[in-house]
Amino acid sequence: MAYGMRNMNDPSPARAVCVFVLLLAGLSTAAQDTYDDVLARLDAAEYVVRQAATEQLLTDDSLSPDAIATWAGRELSPEQQHRLLAVARHHTLRQMRLAEFPAEGPGSIGVVQSIQTPPAKDEPAPAGVLITKILPGFPSVGRLYVGDVILAINGDPVEEGPAKDELFRARMSQFRAGRVIRLTIQRGDNTIEVDLTLANGAALPQMYPKINNKFKLAPRFVEGWQEERRSRFTTLAPQLLKSPQ
């Protein structure tokens, strides 16, 4: 016969390409199945399951707004919509940060911190620095939380003193962007360790300038996110969509 099934042992380049394409398709399907499971868990009955699924998406640095936009067209519950919207905002701002501020210079984890609340009378001063705000678009999102206390960096305790928040910032500036550091965190009654890849520290004051003692997303980044929100994520919690000014 002129046409027939090619020998499975055929070593030709064409067959190699076909096998490679099939392998990629299989990997893509497997990855999509994994994401489908994560998306389903965003609407789980147990809060801890919903939160873990959200954290998985927030901390997945391979996840792009393009992929999230394809999920936004699905039939989603209000809970899934709100959680996926937060994921979309973080990864959109993360890509904006990476495009404008490549990994170079002193590093930043993207949090606002302060000294702890003064202790009660006759109690020892608390150790570490208290996280008071997590900044979307930075590596702390999904890994750290407001109320966490940073006790140590790479095993070295945070310096104590009346201005330990400033000492902490100075300590962090010694690490370069792109480096992975390990933070020891006090979270409630638990002590955990969290690994973070540092962002370019120059991005933080540009994206979140301090105005009236508060850190707020700069207008141009707000506008950039809102443009993406209106063009690709209108189906996610549409009641929260702001009209263009």
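The values are calculated or read from the model by the stated rules, or taken from the named source; none is laboratory data. A quick note: this is a predicted structure, and the numbers were derived from the prediction, not measured. In this analysis, Cβ positions are derived from the backbone assuming ideal geometry, glycine residues included, and neighbour counts consider all displayed protein chains. Just the protein is used for accessible areas: all its heavy atoms, side chains included, with ligands, DNA and RNA removed. Shrake-Rupley method; radii C 1.70, N 1.55, O 1.52, S 1.80 Å.
Observations
- Count of residues meeting criterion [crowded, with 24+ Cβ neighbours inside 10 Å and assigned to a helix (DSSP H, G or I)] in the stretch 98-113: 0
- Any hit, the stretch 149-171, residues being under 25 Å from GLN81 (Cβ atoms) and either acidic (Asp, Glu) or surrounded by fewer than 14 Cβ atoms within 10 Å (Cβ to Cβ) (or both): no
- Of everything in the stretch 172-187 that is open to solvent by 50 Å² or more (accessible area, probe 1.4 Å) and in contact (Cβ under 8 Å) with a residue 40 or more places away in the chain, the residue that is farthest from SER140 (Cα to Cα) is GLN174.
- For VAL129: the one exception among (1) at pLDDT 90 or above; (2) surrounded by 22 or more Cβ atoms within 10 Å (Cβ to Cβ); (3) over 20 Å from ALA40 (Cα atoms): (1)
- Taking the numbered list (1) in contact (Cβ under 8 Å) with a residue 40 or more places away in the chain; (2) at positive phi in turn, ASN212 passes all entries but (1).
- Whichever residue in the stretch 37-56 is among the β-branched types (Val, Ile, Thr) and touching a residue at least 12 places away in the same chain (Cβ under 8 Å) and, among such residues, is surrounded by the most Cβ atoms within 10 Å (Cβ to Cβ): THR54
- Selection status of ASP66, part of a loop (DSSP other than H, G, I, E, B), of a type outside the set (S, T, N, Q), open to solvent by 10 Å² or more (accessible area, probe 1.4 Å) and free of Cβ contacts under 8 Å to residues at least 24 places away in the same chain: no
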